[in-house]
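Here the structure is laid out as structure tokens; the discussion comes afterwards.
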2 protein chains.
Amino acid sequence: MTIRKDDGLPTISDVALRARVARSTVSRAFSRPEMISASTVERVKKAATALGYVPNYAARALSTGLHGNIAIIVPDIANPFFPPLIRAVQAGADSEGYSVFLGDSDEDAGRELKLADRFANQVEGFILASPRSAQQNIMDLNKRRPVVVINRDIADLPRVLIDPALGVKDAVAHLVELGHRKMVYVSGPAVSWSDQQRRLALRHAAASHDIRIDTISAERPTFNAGLKVVSAVLRSGATAAITFDDFVAHGLLSGLAEHHIPVPKKFSVIGMDDVLGASTFPALTSVSGRCDEAGRIAIQLLIGAMQGKSSDICTVLRTHLAIRATTGQAFRRQ
Amino acid sequence: MTIRKDDGLPTISDVALRARVARSTVSRAFSRPEMISASTVERVKKAATALGYVPNYAARALSTGLHGNIAIIVPDIANPFFPPLIRAVQAGADSEGYSVFLGDSDEDAGRELKLADRFANQVEGFILASPRSAQQNIMDLNKRRPVVVINRDIADLPRVLIDPALGVKDAVAHLVELGHRKMVYVSGPAVSWSDQQRRLALRHAAASHDIRIDTISAERPTFNAGLKVVSAVLRSGATAAITFDDFVAHGLLSGLAEHHIPVPKKFSVIGMDDVLGASTFPALTSVSGRCDEAGRIAIQLLIGAMQGKSSDICTVLRTHLAIRATTGQAFRRQ
DNA sequence: CTGTTAGCGCATTCAC
DNA sequence: GTGAATGCGCTAACAG
């Protein structure tokens with residue numbers, strides 16, 4: 001009848017036996033030491049360490065409903081935008097005693113939801129970074145566990161948004177100041193909230209300078225997509241391009257080099273997210289996103305939400321333009 | 001007396017009630033459907049989906065000892081070497097139905113062990129990537145749960161090692177062929193297994209070409225460390241450098257540029273890990289490491305170990321030299 | 001201050 | 001083929 005797991009880990013009963021107290025006393029010695037005498041606490045703790053006992057969080061969770069776990073789901077771990085964010089989340093969670101589940105949705109909404117379902121009954125809350133799921137599904141999830149979203153503007157949910165507006169405004173101003181009047185935006189996936197924000201910011205910035213910025217669509221936000229789009233960019237007659245992210249910019253840079261078009265002498269390029277740092281050549285001017293801070297704030301918001309704090313906090317992070325070497329005076333064709 | 005969690009999630013009892021069967025029947029309908037009649041299975045499943053029931057893994061684990069979770073611990077998520085590895089692990093785990101905990105030890109052995117303890121009773125196994133802990137501690141952990149290590153050669157443990165030998169050999173041969181006779185190794189952290197392997201491989205390669213390769217120590221494996229080491233590298237009289245990783249190489253490249261030393265005309269540089277791809281200028285020749293495959297294999301090994309398979313499998317991954325644009329004919333000083 | 005008891009959600013004997 | 005009872009490790013409520 002006995003169900004044997006026998007994983008070798010000592011249980012609360014072992015400790016109780018050794019310390020000659022009831023199991024509940026051991027429990028209290030750990031979770032509410034102030035409720036029992038100091039001497040008993042000490043005796044229990046000594047027995048515990050002697051046995052190498054560590055509380056079983058999964059079992060504890062069964063009666064308390066508190067697992068001490070949270071989950072973060074991202075579309076692609078390998079996208080350099082996310083690791084610093086994940087790192088910040090993990091660090092914040094850790095310092096509050098939470099362990100973190102990591103899910104990679106592989107850019108797929110369905111997988112995202114499946115992961116969430118899988119995690120749901122072992123976590124206290126979720127962080128969804130750039131979620132691909134339908135808004136309704138995310139709100140449903142939020143009914144079960146607190147959810148914090150990053151880079152998705154869902155009302156009634158705590159969220160942190162990296163707003164490209166400021167950086168984009170500076171980017172356009174910077175280009176205009178350098179004499180550029182005709183520029184293009186090389187877009188990313190149209191479904192992405194980020195891309196929409198970037199288009200919007202661009203439109204505003206363009207309007208305020210009384211210029212037009214056309215959009216050229218890169219299929220995917222990758223180096224190769226940037227490479228492919230070169231001829232379209234050149235055909236547009238623009239003297240500068242702003243791209244969806246640094247990868248597209250990098251691809252564009254390479255394509256330009258292949259076409260023997262010197263940057264920034266004859267063409268200027270500005271990336272976004274600033275994940276390539278100064279490693280491109282020429283060093284890429286980029287709209288800097290501070291994804292690590294997004295993670296830091298997200299985990300704070302989640303901890304707040306898990307403690308029942310108010311739930312419609314929207315933190316927006318500003319971006320700025322990191323000017324490096326891919327932007328220069330507009331080239332005037334004869 | 002009733003302990004109420006009330007997290008809204010339907011339990012097996014709710015399903016049983018709705019399907020008008022016993023709870024055990026519901027359980028069987030999910031875990032061993034062949035034991036009960038097809039019609040009952042269907043009725044139960046219908047009730048389950050109607051209620052939105054998902055089995056509670058944590059509760060299941062309490063009786064089976066099987067959590068369906070694994071943990072991966074890395075020294076630094078933000079180091080580009082790890083995300084592809086983590087991604088591969090997560091994908092492999094996911095396809096086998098496992099969820100993954102992610103721990104970041106922040107390069108600290110103590111934190112690594114604390115994380116492992118914390119995870120121990122909610123996971124079936126561990127993947128330790130480039131672990132910093134003492135060997136004994138890792139072996140102790142392995143007594144409790146199967147452990148697979150990456151880039152650490154611990155006998156009796158399943159492990160996957162990225163062996164730089166081949167790539168390094170090719171790197172040295174490549175440089176020798178280009179006329180280089182004097183080269184230096186810019187090392188990384190001496191405690192690191194990887195650095196030791198790289199030194200060793202270098203020594204062998206040097207011996208076979210009858211040349212000497214001196215070591216210059218970069219404090220940390222970063223861009224700045226690479227930058228700082230430039231004058232020491234130049235003073236050495238070498239015409240080429242091989243570095244601990246791509247970041248150091250990138251720093252070195254920048255430092256060289258500052259000193260107006262053209263690469264590869266007057267100096268050649270080879271990085272390692274190949275995480276910067278072709279984004280540097282000139283595009284960095286590097287010893288390519290295939291960290292994603294390390295992750296893929298590690299999760300396979302772990303799944304094997306969790307199923308009680310043999311436990312001293314050592315997979316070594318070969319590296320190769322990715323020749324790009326930072327290596328050229330040796331410059332002869334007059 | 002501490003021991004006793006019951007139950008968290010589930011899988012598993014054992015009967016029927 | 002299915003239902004009833006028991007226990008996984010732990011905490012909460014209740015006595016004492």
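The values are calculated or read from the model by the stated rules, or taken from the named source; none is laboratory data. What you are looking at is a predicted structure, and each value in this text was computed from that prediction instead of being measured. Heads up, the Cβs are rebuilt from the backbone with ideal geometry, glycines too, and the neighbour counts pull from every protein chain shown.
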Inset, instruction - Evaluate the following for residue B:25: is it among the hydroxyl-bearing types (Ser, Thr, Tyr), away from chain A (no Cβ under 11 Å), within 14 Å of DNA strand C (Cβ to nearest atom) and surrounded by 15 or more Cβ atoms within 10 Å (Cβ to Cβ)? - result: yes
Inset, instruction - Would you check which residues across region A:15-32 are among the hydroxyl-bearing types (Ser, Thr, Tyr) and within 6 Å of DNA strand D (Cβ to nearest atom) and list them? - result: A:24, A:27, A:31
Inset, instruction - Please find, within region A:44-91, the residue that is surrounded by the most Cβ atoms within 10 Å (Cβ to Cβ) out of those that are hydroxyl-bearing (Ser, Thr, Tyr) and within 11 Å of DNA strand D (Cβ to nearest atom). - result: A:57
Legend entry - Failed condition for residue A:57, given (1) within 16 Å of DNA strand C (Cβ to nearest atom); (2) within 21 Å of residue B:103 (Cβ to Cβ); (3) more than 8 Å from chain B (Cβ to nearest Cβ): (3)
Inset, instruction - Considering only region A:276-306, state which residues are surrounded by fewer than 24 Cβ atoms within 10 Å (Cβ to Cβ), more than 13 Å from the chain's Cα centre (by Cα) and on the phi < 0 side of the Ramachandran plot. - result: A:276, A:278, A:279, A:281, A:282, A:283, A:288, A:300, A:303, A:304, A:305, A:306
Inset, instruction - With the checklist (1) within 12 Å of chain B (Cβ to nearest Cβ); (2) touching a residue at least 24 places away in the same chain (Cβ under 8 Å) in hand, flag the one item residue A:90 doesn't pass. - result: (2)
Inset, instruction - Give the residues of region B:31-50 that are under 22 Å from residue A:144 (Cβ atoms) and modelled with pLDDT under 90, sorted by residue number. - result: none
Legend entry - Subset of region B:269-281 (residues that are modelled with pLDDT of 95 or more and within 13 Å of chain A (Cβ to nearest Cβ)): B:271
Inset, instruction - Consider only pairs whose beta carbons are under 7 Å apart and that are at least six residues apart or on different chains; among these, list those whose first residue lies in region A:60-78 and is within 27 Å of residue A:191 (Cα to Cα) and whose second residue is modelled with pLDDT under 90. - result: A:75/A:107; A:76/A:107
Inset, instruction - Residues being more than 8 Å from chain B (Cβ to nearest Cβ), within 19 Å of residue A:297 (Cα to Cα) and not hydroxyl-bearing (Ser, Thr, Tyr): count how many of those fall in region A:124-146. - result: 9
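Residue-by-condition table, conditions (1) more than 14 Å from every other protein chain (Cβ to nearest Cβ); (2) under 27 Å from residue A:325 (Cα atoms); (3) at pLDDT below 95:
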site: B:241; (1), (2), (3): yes, yes, no
site: B:255; (1), (2), (3): no, yes, yes
site: B:267; (1), (2), (3): yes, yes, no
site: B:321; (1), (2), (3): yes, no, no
Inset, instruction - Please verify whether region A:148-169 includes one or more residues that are touching a Phe, Trp or Tyr at 6+ places or on another chain (Cβ under 7 Å), farther than 27 Å from residue A:286 by Cα and modelled with pLDDT under 95. - result: no
Inset, instruction - Say whether the condition of being at the interface with chain B (Cβ under 8 Å from one of its Cβ atoms), over 17 Å from the mean Cα position of the chain (by Cα), within 27 Å of residue B:60 (Cβ to Cβ) and small (Gly, Ala, Ser) is met by at least one residue in region A:108-117. - result: no
Inset, instruction - Answer yes if at least one residue in region A:4-18 is more than 10 Å from every other protein chain (Cβ to nearest Cβ) and of a type in the set (Asp, Glu), and no otherwise. - result: yes
Inset, instruction - Within region B:188-206, identify whether any single residue is in contact with a helix residue (DSSP H, G or I) (Cβ under 7 Å, 6 or more places away or on another chain) and of a type in the set (Phe, Trp, Tyr), and answer yes or no. - result: no
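Taking the options B:132, B:145, name whichever one is within 18 Å of the chain's Cα centre (by Cα) and at pLDDT below 95.
From the options B:132, B:145, the qualifying one is B:132.
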Legend entry - Residue match in region B:92-105 (condition: surrounded by fewer than 15 Cβ atoms within 10 Å (Cβ to Cβ), of a type outside the set (Asp, Glu) and away from DNA strand D (no atom under 16 Å from the Cβ)): yes
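For residue B:12, indicate whether it is away from DNA strand D (no atom under 12 Å from the Cβ), under 42 Å from the mean Cα position of the chain (by Cα) and at pLDDT 90 or above.
So residue B:12 does not fit the description; no.
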